[in-house]
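One structure is given below, encoded as C-alpha cells.
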Amino acid sequence: MFSAFSSMDYRSIRADSPAETAVKRLKGIGEVLSGLDISAIHTQDDMTRALWTLDTADKCIRMILAEFRTAPAKEQVVREAKCLVDLIELARDEISNYRDRGRVLSSTYAFGVSV
C-alpha cells in the first residue's frame, strides 16, 4: 500500500522554505492522483477505491494547508492546493455521473501541480 513512497529521493525533496515544502508535498499528492484513471472504473469496488483515494488526497491537502497557513508565501501554497482540490471535485462529479447513469467513463484527469 505504501510502495509509492519507497522510491522517494529524500535529498531531492529538501526545501529552503516552509512554502516550498508544502508545494513539494502537494506535487507528491498530484503525482499519486495522476495514476487514477477514472475510465478504468468498472465495478462498485473500483468506484469505492477511486472515491476513497480522492477523499484521502483531499484530507491530506487540507492538512498541508492547515500546517502551512502562517508560512511566508502561503499564497503559492493556497493556489497549488486549490488547483488540486478543483481537479478532485471534477473527478468526483465524473464518478457521480458514472454511478448515477451507469455509463462507462471516457475521460481521465491529469493531476499536476506546477510551480
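Values as computed for the structure displayed
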item	result
Selection from segment 31-67 of residues that are within 18 Å of V77 (Cβ to Cβ), of a type in the set (G, A, S) and touching a Leu at 6+ places or on another chain (Cβ under 9 Å)	A57
Residue list for segment 49-63, restricted to those being closer than 14 Å to R92 by Cβ and either open to solvent by less than 70 Å² (accessible area, probe 1.4 Å) or modelled with pLDDT under 90 (or both)	A50, L51, T53, L54, D55, T56, A57, D58, I61
Subset of segment 50-91 (residues that are more than 14 Å from the chain's Cα centre (by Cα) and farther than 15 Å from R25 by Cβ)	T70, P72, E75
From the options K82, K74, residue that is under 21 Å from D93 (Cα atoms) and open to solvent by 80 Å² or more (accessible area, probe 1.4 Å)	K82
Within segment 26-45, considering residues that are open to solvent by 40 Å² or more (accessible area, probe 1.4 Å), part of a helix (DSSP H, G or I) and free of Cβ contacts under 8 Å to residues at least 24 places away in the same chain, the one nearest to A81 (Cα to Cα)	A40
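The values are calculated or read from the model by the stated rules, or taken from the named source; none is laboratory data. Please read these numbers as outputs of a predicted model, since none were measured by experiment. Methodologically, a virtual Cβ is constructed for each residue, glycine included, from the backbone with ideal geometry; neighbour enumeration extends over all protein chains shown. The area values use the complete protein model at the heavy-atom level, side chains included, leaving out ligands, DNA and RNA. Shrake-Rupley method; radii C 1.70, N 1.55, O 1.52, S 1.80 Å.
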